[in-house]
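Below is one structure, written out as structure tokens, with a few remarks after it.
Rule-based calculations on the coordinates, nothing more; no lab input. Keep in mind that what you see is a predicted model, and the values were worked out from it rather than measured. Because the Cβ atoms are built from the backbone with ideal geometry, glycine has one as well, and the counts that use them run over all protein chains shown.
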Amino acid sequence: MKIIHESIGLLLQARTPRDERGLSQSTENAILLAGAAVIALLIITVITQYVSDNLPTSA
């Protein structure tokens, strides 16, 4: 039974065209990580500015 499953898998793999137009996995991960870091910094900056603007001032 194992030989049948392996044969079907090889046949399907051979018939399926490979799409090699995309970026490599490591490049894609690096871009996503950089985007996440930018978004995190933006959120931190906005929250820090909001808190600073709304702190009570001592008179």
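Hey, does segment 38-55 have a residue that's exposed (fewer than 10 other Cβ atoms within 10 Å of the Cβ), without any contact (Cβ under 8 Å) to a residue 24 or more places away in the chain and assigned to a loop (DSSP other than H, G, I, E, B)?
yes
So which residues in segment 16-37 are outside any helix (DSSP H, G or I) and either surrounded by fewer than 10 Cβ atoms within 10 Å (Cβ to Cβ) or in contact (Cβ under 8 Å) with a residue 12 or more places away in the chain (or both)? Talk me through it step by step, then tell me what you get.
To start, the set of residues in segment 16-37 that are outside any helix (DSSP H, G or I) comprises 16-24.
Selection gives THR16, PRO17, ARG18, ASP19, GLU20, ARG21, GLY22, SER24.
Among the residues of segment 1-15, which ones are in a helix (DSSP H, G or I) and either exposed (fewer than 10 other Cβ atoms within 10 Å of the Cβ) or over 34 Å from the mean Cα position of the chain (by Cα) (or both)? Lay out the reasoning, then the answer.
Of the residues in segment 1-15, the ones in a helix (DSSP H, G or I) are 2-15.
Within segment 1-15, LYS2, ILE3, ILE4, HIS5, SER7, LEU12, GLN13, ALA14, ARG15 qualify.
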